[in-house]
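The values are calculated or read from the model by the stated rules, or taken from the named source; none is laboratory data. What you see is a predicted model; the values in this text were computed from it and never measured. Because the Cβ atoms are built from the backbone with ideal geometry, glycine has one as well, and the counts that use them run over all protein chains shown. Accessible surface is based on the protein model in full, side chains and every heavy atom, while ligands, DNA and RNA are left aside. Shrake-Rupley method; radii C 1.70, N 1.55, O 1.52, S 1.80 Å.
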Amino acid sequence: MKDKYLICVKTDKSLGDRAFVESFLKGWLSGVSQELRPERFDFGEPIRRKVAEEGIESVIDAWLNGPAPMMFKRVSKPKFVVDTSWRRHKGLDPRQFPWHCTVWLDFSAGDVLALELFRFLIAHFEPGFGWATSYLDEREKHFITFMDRIGQVETFAGLDPGKALPGIYWATYFGRWAVAKVGAEKFDSLNAYRVERYCDGILVLAYPSCRLAGSPEARQAEEKIKEHLGRELFFDKSKVDIESLKTRPEDAAVIEAKIAEVKKRRAQR
């Protein structure tokens with residue numbers, strides 16, 4: 001599988017607010033490097049609607065009034081796909097930062113542009129936590145496969161900041177909430193490739209380039225940072241309780257009954 005930059009911000013910000021939408025989209029379409037501007041948008045794959053043809057006001061209107069959170073795409077180099085996830089009301093969702101914006105950006109963009117896009121998203125989404133790494137690095141740290149009662153399950157775990165922070169990556173952003181959780185004083189003495197205050201939080205670069213993500217050198221740097229900030233604060237894939245992820249017997253029975261019903265209907269056609 002070809003690797004890419006994986007950039008993600010997790011937020012509880014109201015993403016249906018017109019002021020946010022206008023500031024974010026107008027800034028994205030004019031206030032960042034040309035190579036980082038989206039060219040297409042839609043409410044899911046395939047992403048076909050062209051920004052240049054429909055105009056910024058149509059994109060804003062679609063975000064505010066469309067049937068689902070939007071996806072964006074750039075077809076010129078460097079290519080990227082962006083997925084947003086949010087609802088107008090949190091409801092019973094227990095997650096502290098339930099909304100996200102995730103970018104899969106071609107490695108041809110380079111670290112400078114990847115960091116520019118990451119900073120741009122941080123400034124607008126005001127995340128509690130965010131990260132920039134490679135897709136394969138995130139997959140290695142968070143992707144889990146196991147056999148459930150209804151078959152093989154493949155899922156990502158530990159990506160929602162709450163009791164634990166997702167991890168340390170090439171670039172890790174600790175928003176105000178995450179800084180308070182860790183303890184602001186710990187960042188004053190943190191020895192990393194780069195530590196800087198940005199917006200209302202702290203941006204930490206563990207090593208010089210995202211190209212190192214997943215390497216022994218990168219893992220060593222990440223572990224040193226975790227040790228300094230508090231290893232117990234971070235998600236550890238090796239400690240995931242697989243049994244807690246499995247479908248309850250009563251739920252499995254309902255699912256299996258629905259599958260059997262669908263199969264029966266198909267057979268009767």
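Structure notes:
- Accessible-area ranking of LYS239, LYS246, LYS26, largest first, probe 1.4 Å: LYS239, LYS26, LYS246
- Segment 27-135 shape via C-alpha gyration tensor axes, a/c threshold 1.5: oblate
- Heavy-atom surface of the chain, accessible at 1.4 Å and reported per residue (Å²): 52 Å²
- Highest average packing first - 125-131, 211-217, Cβ atoms within 10 Å: 125-131, 211-217
- In the chain, taking the dipole from charged Cβ atoms about the Cα centre, the farthest positive-side position among ILE47, GLY151, LEU245 is held by GLY151.
- Net charge of Cβ neighbours under 15 Å - reference HIS100; Lys, Arg +1; Asp, Glu -1: -1
- Charge dipole of the chain (Cα centre as origin; +1 on each Lys and Arg Cβ, -1 on each Asp and Glu Cβ, all else neutral): 740 debye, rounded to the nearest 20.
- As a ratio to 2.2 N^0.38 Å, the alpha-carbon radius of gyration for the chain is 1.10.
- Packing here is the average count of other Cβ atoms within 10 Å per residue, and on that basis the peptides 95-108, 159-172, highest first, run 159-172, 95-108.
- Carbon and sulfur %, accessible surface of the chain computed with the full protein complex present, 1.4 Å: 50 percent
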